1. Could you list the GluC sites (Glu not before Pro) in the stretch 35-114 that lie in coil according to DSSP, counting only those with at most 10 other Cβ atoms within 10 Å of their Cβ?
2. Please give me the summed charge of the neighbours of residue 265: other residues whose Cβ is under 13 Å from its Cβ, Lys and Arg +1, Asp and Glu -1.
3. In a Debye calculation with equal point scatterers on the alpha-carbon sites of the stretch 185-300 and no solvent, what is log10 I(q)/I(0) at q = 0.16 Å⁻¹?
4. Would you mind calculating the relative contact order of the stretch 234-422 from Cα pairs under 8 angstrom and at least 6 residues apart, reporting the percent as a whole number?
5. Restricting attention to the stretch 162-221, which GluC sites (Glu not before Pro) occupy a DSSP loop and are surrounded by at most 11 other Cβ atoms within 10 Å?
6. Given R₀ = 51 Å, FRET efficiency for residue 192-residue 390 by Cβ-Cβ distance, to 0.05?
7. Applying 1/(1 + (r/R0)^6) with R0 = 35 Å to the Cβ-Cβ distance of residue 281 and residue 173, what FRET efficiency is obtained, to the nearest 0.05?
8. Over the stretch 92-212, how many percent of alpha carbon pairs lie in each 5 Å bin up to the one with the longest distance?
Amino acid sequence: MNPSQRVIQNIQPRSERITVVCLKKGNAKPLHGGHPWVFADAIARVDGPKPAPGDDVRVMDERGTFLGRGFYSPGSAIAVRLLTREDESITHALIEQRIDEALALRCDVLGLGPADAGKKSNGATTAFRLINSEGDGLPGLIVDVYGDYLAIQSGTSGIERRIEAILDVLEDRLKPKGILDRSDARTRAIEKLELPKTGPLRGSEPKGIEFARVNGHEHAFDLRSGHGQKTGLYLDQRQNRQRFADFAKGRDVLDVFCYAGGFSIHAAQGGAKSVTLVDSSEEALGLAKENLDRNKIADADLYAAEWPEAFKMLRDAGRKFELIVIDPPKFARSRDTVLHALSGYRDLNAQALRMLAPGGVLFTCSCSGNISETDFERAVAQGLRSANRRGSILERRGAADDHPTPPGFDQGRYLKCLVVQVND
Ligand code: SAH
């Protein structure tokens with residue numbers, strides 16, 4: 001027996017025979033630094049019973065130092081996702097505690113009363129992220145609250161196996177009218193999980209478009225099966241939209257990749273002179289229209305077009321804007337496409353900057369987790385150069401505070417939002 005095996009046996013309670021995942025020498029550094037993932041190629045060996053998908057396993061470094069316990073995902077590039085740094089079993093009680101902690105955090109950051117939990121609140125925000133996967137110690141689970149409804153994404157076998165217990169706790173705490181499965185089919189395919197279920201997991205689904213409040217504005221969402229993008233809305237941009245409104249007064253505003261028009265509604269209520277919205281999806285523009293009407297915003301132009309075509313139309317019409325947001329879908333879906341994505345960001349930014357009036361402000365976003373903050377910033381700098389503009393960064397922003405992340409977890413900081421002021 002080698003020395004590391006002796007250490008493992010010492011700390012393993014006799015009653016519990018769980019699998020131990022031992023890392024290769026030198027591979028534990030990110031985990032010591034807070035990272036919650038164990039990549040399959042960092043594993044030296046797996047000791048003990050052969051783990052099934054979603055099993056609770058113990059992780060050790062090459063010297064037998066305990067690193068944490070998490071869900072095992074055979075066949076996935078991310079073999080283990082840690083839930084805890086304590087040597088404790090991943091029980092339903094632990095999961096329940098995590099959900100309660102997540103709820104308490106949201107009540108705190110959104111200023112909700114404990115009894116409101118968002119849904120019956122008269123407060124400013126009734127659509128928010130309740131559980132943000134690793135950031136709430138529940139890797140693979142996303143839960144978003146939309147007024148009386150919950151939208152969930154389950155993306156790991158560990159969560160999938162415990163989903164009924166999770167739904168029980170959510171029903172008990174939030175008493176929703178319905179809990180809907182909005183899981184991402186692509187994420188589930190990587191984990192070899194079945195396609196997401198259609199129809200509600202609990203209760204009923206909404207009969208049509210409903211409204212929630214976000215930062216005090218009315219916001220349309222469509223959670224019916226087959227409708228809407230993501231879990232319903234892009235909740236991660238909540239605070240960036242609010243900041244956007246601070247720059248809007250008296251300005252002509254362009255909202256590219258507008259989806260339901262969240263940035264535009266904020267800008268209009270922040271005193272924008274006009275708002276122009278662009279999206280390639282007719283359905284998205286339908287939601288945006290509902291939002292504009294509901295918030296009584298009349299001075300708005302909507303363009304249903306791919307962005308290069310919309311930019312051409314606006315340029316041909318001689319339009320200039322003093323405030324622009326570009327919030328495109330993920331350009332880099334995998335690590336192989338990073339270079340291509342970076343040149344895409346450069347071109348998109350250059351084209352947007354050409355339509356920005358001197359002294360104007362650009363909010364430029366990227367939600368590609370595979371692209372670092374530094375690389376994105378460089379692509380924006382290249383965009384400024386191609387457009388022959390001089391600019392400076394006023395703010396470097398990320399996802400809203402109901403999207404917490406563990407320290408040391410780079411992948412959690414997928415959303416980047418630079419606020420760039422163009423000088424001339
Ligand atoms: N800014 C939005 C979220 C944007 S999500 C908000 O605040 O909620 C990205 C949007 O880009 C989606 O609505 C999608 O329909 C749109 N889109 C995707 N490809 C596009 C393209 N080539 N041209 C224009 N819009 C596109």
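Every read-out reported here was derived from the displayed coordinates using simple, explicitly stated rules and does not represent laboratory data. No experiment lies behind these values; they were computed from the predicted model shown. Neighbour counts are summed over all protein chains in view; Cβ atoms, including those assigned to glycine, are modelled from backbone coordinates with ideal geometry.
1. Passing both the DSSP loop test and the Cβ count: 86.
2. Details: positive: 213, 238, 241, 289, 294, 296; negative: 218, 255, 290, 293, 299.
So the environment of residue 265 carries a net charge of +1.
3. Here the Debye-derived log intensity ratios amount to -0.76.
4. Across the stretch 234-422, relative contact order equals 21 percent.
5. Working: sites: 164, 171, 191, 194, 210, 218; in loops: 191, 194.
Sparse-neighbourhood loop GluC sites (Glu not before Pro): 194.
6. 0.50
7. Working: r = 34 Å, r/R0 = 0.97.
The computed FRET efficiency comes out at 0.55.
8. Over the stretch 92-212, the share of Cα pairs per 5 Å bin runs 2, 11, 23, 25, 20, 13, 5, 1, 0 percent.
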